[in-house]
Every structure is written in structure tokens, then in C-alpha cells.
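Down below is the structure, laid out as C-alpha cells.
The values are calculated or read from the model by the stated rules, or taken from the named source; none is laboratory data. Keep in mind that what you see is a predicted model, and the values were worked out from it rather than measured. We place every Cβ from the backbone using ideal geometry, glycine too, and count neighbours over all the protein chains shown.
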């Protein structure tokens, strides 16, 4: 399972072991309504956004406040939402023995973003491999710019802000352009 803006506070996020997943699902006939979290890394109340949903909300807030895409504003908002004064800040280094943590999880690409932003780096995105967050957070951008020529440019900017690697960018372009395609609307 994955965390995305349409599945906030996913109680079975990152449960990869099939036996563990089967045991959890056997208790709940409707997995979308599991009342408690089973993620081995963090615990959030069901219904609270995870990091992808939060990134989408931050992007949406920026788009509304700026009446369009503004990279500088988005960077500042992302730092405020995921930086040292946020719920995502964990004191010290978390060891396996301390998992799951109580509260939201800041994945590696957001850790890199926070560190790079704090150090005033021009490039804030993680160089590490692709991650679904690269495109899942872009739903508000697609909603505003679908069918407009600037969509791809903004998708690249927003993606590289947290995921500065070509595969993440290519996947984000493919996903957002597919969703915004006129063929999707007409079924042709």
C-alpha cells in the first residue's frame, strides 16, 4: 500500500510482509476503515494526512495564496511544513528499536530538502532514486494547469524541489500529463 492524497493516514502504509498484511486484513472486512495504524515506521490517527497528502496540501495552499505556481513561495511553505519547527521533526536519530514513532514520518527526500533549504542550496531535491511522492503530491498542480502549456514546466520545478533525479521527473511528467490528457476526459 502507499500513502497518497486520496488515502490519508493510510493505516497499512509500508506493511510489506504478506503474512502480516493478511493478518491485519482478516480483522477488517473494509480495509479503508481500519481504525488504527499498523505501519512499522510511524503511527498516525486514521484520517490524518501522511507526508504525501501534506505535500499536496502545501502545494494547494501555495497555489491559492499566489494565484498560481510560485516556486519560491512553495519552497518556503515546504520548509515550514516539514522543517525543524514542524510535526515532522524528530529529536535525535531514530533506531529500529524505537519504531514505530508516534507521529508523521519524514522520508529521505524530505530530509534532503530540509537540509538543502536550510543550507541555502539552489538545488533542494534529493538525488536518491524515484519515489511515488514525486508525482502523487502534484494533484493540485494538475487540477489548476491541466491542458495548459506551462503544466510540464511546473511539474518539473515542483518535482525537482524534492526529487532531483531524472527518473522521478520523468515519472511525474508521465503521470501528470496522462491524468490531464484530453483523451482521459473523452475516453477516446
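Does residue 68 meet the test of being closer than 30 Å to residue 177 by Cβ, exposed (fewer than 15 other Cβ atoms within 10 Å of the Cβ), under 18 Å from the mean Cα position of the chain (by Cα) and in contact (Cβ under 8 Å) with a residue 12 or more places away in the chain?
On the way: closer than 30 Å to residue 177 by Cβ: yes; exposed (fewer than 15 other Cβ atoms within 10 Å of the Cβ): yes; under 18 Å from the mean Cα position of the chain (by Cα): no; in contact (Cβ under 8 Å) with a residue 12 or more places away in the chain: yes.
In short, no.
Any residue that is modelled with pLDDT under 95, more than 16 Å from residue 52 (Cβ to Cβ) and part of a helix (DSSP H, G or I) - is there at least one of those in the stretch 65-78? Let's see the steps before the verdict.
We begin by selecting, within the stretch 65-78, every residue modelled with pLDDT under 95; these are none.
No: zero hits.
Just name the residue that is nearest to residue 13 (Cα to Cα) out of those in the stretch 30-49 that are without any contact (Cβ under 8 Å) to a residue 60 or more places away in the chain and surrounded by 14 or more Cβ atoms within 10 Å (Cβ to Cβ).
38
Could you tell me which residue of the stretch 84-109 is surrounded by the fewest Cβ atoms within 10 Å (Cβ to Cβ), considering only residues that are outside any loop (DSSP other than H, G, I, E, B) and out of contact with any strand residue (DSSP E or B) (no Cβ under 7 Å at 6 or more places or on another chain)?
Across the stretch 84-109, the extreme among qualifying residues is 97.
In this structure, does residue 176 turn out to be under 21 Å from residue 121 (Cα atoms), crowded, with 20+ Cβ neighbours inside 10 Å and under 16 Å from the mean Cα position of the chain (by Cα)?
no
Which fully enclosed helices (runs of 4 or more DSSP H) of the stretch 110-169 have 3 or more residues being at pLDDT 95 or above?
139-145, 151-162
Checking the condition part of a helix (DSSP H, G or I), surrounded by 15 or more Cβ atoms within 10 Å (Cβ to Cβ) and without any contact (Cβ under 8 Å) to a residue 60 or more places away in the chain, which residue from 81, 56 passes?
The match here is 81.
Among residues belonging to the stretch 22-39 that are assigned to a loop (DSSP other than H, G, I, E, B) and touching a helix residue (DSSP H, G or I) at 6+ places or on another chain (Cβ under 8 Å), point out the one that is nearest to residue 102 (Cα to Cα).
38
Taking residue 126 as meeting all but one of (1) within 17 Å of the chain's Cα centre (by Cα); (2) surrounded by fewer than 21 Cβ atoms within 10 Å (Cβ to Cβ); (3) farther than 30 Å from residue 32 by Cα, write down the number of the exception.
Just one mismatch for residue 126, condition (2).
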